[in-house]
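Okay, so here's the structure we're looking at.
The values are calculated or read from the model by the stated rules, or taken from the named source; none is laboratory data. Just so we're clear, the structure is a prediction, and the values are computed from it rather than from any experiment. Backbone-built Cβ (ideal geometry, glycine too); neighbour counts: all protein chains shown. Remember, those area values only see protein heavy atoms, side chains included, never the ligands or the DNA or RNA. Shrake-Rupley method; radii C 1.70, N 1.55, O 1.52, S 1.80 Å.
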Amino acid sequence: MLRNALVGLWSVATMVGAPALAAENVKIAHIDPLSGPFALVGESVSRMLQAAIDDVNARGGVLGGAKLTLVDFDSKGSAQDSVLLLKQIIDQRIRFVSIFSGSHVAHALIDSINKHNARNPDQSVLLLNIGAQDPLLTDDKCSFWHFRWEAHTDMRVNALTDVIARQKQVTKVYLINQDYAFGQAVSRASRALLAAKRPDIRIVGDDLHQLGKVKDFGTYVAKIRASGAEAVLTGNWGPDLSLLIKASREAGLDVMFYTMNSNQPGIPTAIGKAGADHIRQVFTWHPNIADNKLEKFSNDYRKRFGEDLWMHLPKLQVDMLAKALETAKSTDPVKVARALHGMRYEGETGEAWMRPDDHQLIVAQYVATLTRAGGPVKVDAEGTGVGWKTDVRIEGKDNAMPTTCRMKLPE
């Protein structure tokens, strides 16, 4: 009887102690617009992050069996709302925050995180940025607590303007962008880089329009046509790009669009076959790259969610975070940040280097043209019969740009 009692006590003690012995799950907050005009993009990014997290967990998780878990928060595309969400995230003891859009949100979050971490060093938070591209975020506004996976605007515009400069028939370029930090940066970089590479090219239009407010781009398309432009360079994304392309198709505008976000959900469908050989895009990956190591992951994603995997950065971000957790042997954000600081990671497109100077990822870029499926275009976009064909691969070291960052490291 005494023996049974002792066994019972041992069993209870084991059960009580079990949670302390088990690895604690690591939560990642995802802040993006999940309602409003840009919800299609935010929801898709959530699914890509979830697929990447599930892949890490299927391989055994991190830190001896801890699982990564995703918690979504709706920014509504608002910097103010995102800062309020950050407080909720901190209160829930979530220390890793992933965002895709946009630069105005990233600026507000970095400012808030810098202040929070200075006041609460034992509750530090990291911002893991997949898509906010304003160069200032890793230049003058850089922060030890912020890491960016997407190439910044100047890097992406540099790749596109290299291609434009080689098109000798192009002498007139039209710029159209959203009127906020990112769009303004695209305009500035386009002007400066085209002037340096092809002084004979004229900028025949430079429009900035409200973010997510224009419902009909017909007036802008008429201006592009009247300007005589042979090429349009735009950083527009979400409905602001799909509506611009739709209006261009309807008007029969025969120009080449140089874009940074034509791979986002819904946009290939808006473009359709009529856009074949009229759209170029800069990315870090697309499904028709040579030696596509993401083919199985991409195919599995399409079967699971019924949509294309349109970028690989959510997976690269999650994989590098998992490696940082393992390297740090801790979930302490300071230790994890130190592990990410300068990390070199062998990703699916080659080496990805988180440059320690500014926490800007240096990785290969591709410029590709949307063209009819067949030959090297094995995978079409959104079932449209057109897909991406690589024009050029640019190695990370060849597209890296200097930084003005003067990063302060924690003691």
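What strands (runs of 3 or more DSSP E) completely inside region 329-411 contain at least 3 residues that are in contact with a Ser or Thr (Cβ under 9 Å, 6 or more places away or on another chain) and surrounded by fewer than 19 Cβ atoms within 10 Å (Cβ to Cβ)?
So the answer is 386-394.
Examine region 1-22 for a residue that is modelled with pLDDT of 50 or more and either closer than 30 Å to Leu109 by Cβ or not in a helix (DSSP H, G or I) (or both), and state whether such a residue exists.
no
Taking region 247-281 only, how many residues are under 19 Å from Ser44 (Cβ atoms) and part of a helix (DSSP H, G or I)?
Qualifying residue count for the region: 5.
Restricting the search to region 57-109, which residues are assigned to a strand (DSSP E or B) and aromatic (Phe, Trp, Tyr)? First the steps, then the outcome.
Going residue by residue through region 57-109, those that are assigned to a strand (DSSP E or B) are 62, 66, 68-74, 96-99.
Correct list: Phe73, Phe96.
Of everything in region 260-272 that's free of Cβ contacts under 8 Å to residues at least 60 places away in the same chain and under 23 Å from Ile164 (Cα atoms), which residue is surrounded by the most Cβ atoms within 10 Å (Cβ to Cβ)?
Ile267
Of all residues being acidic (Asp, Glu) and farther than 22 Å from Gly42 by Cα in region 284-311, which is nearest to the chain's Cα centre (by Cα)? Just the residue, please.
Glu295
Is it the case that Thr219 is without any contact (Cβ under 8 Å) to a residue 40 or more places away in the chain and open to solvent by 30 Å² or more (accessible area, probe 1.4 Å)?
For Thr219, the condition - without any contact (Cβ under 8 Å) to a residue 40 or more places away in the chain and open to solvent by 30 Å² or more (accessible area, probe 1.4 Å) - is met.
Scan region 316-327 for residues that are open to solvent by 20 Å² or more (accessible area, probe 1.4 Å) and not polar (S, T, N, Q) and jot them down.
Applying the first criterion (open to solvent by 20 Å² or more (accessible area, probe 1.4 Å)) to region 316-327 yields 323, 326-327.
Of everything in region 316-327, those that are open to solvent by 20 Å² or more (accessible area, probe 1.4 Å) and not polar (S, T, N, Q) turn out to be Lys323, Glu326.
Would you mention how many residues in region 276-287 are buried (at least 21 other Cβ atoms within 10 Å of the Cβ) and either out of contact with any Asp or Glu (no Cβ under 8 Å at 6 or more places or on another chain) or of a type in the set (Phe, Trp, Tyr) (or both)?
Matching residues across region 276-287 total 6.
Which residues, taken from region 292-315, are surrounded by 19 or more Cβ atoms within 10 Å (Cβ to Cβ) and part of a loop (DSSP other than H, G, I, E, B)?
Leu294, Asp308, Leu309, Trp310, Met311, His312, listed by residue number.
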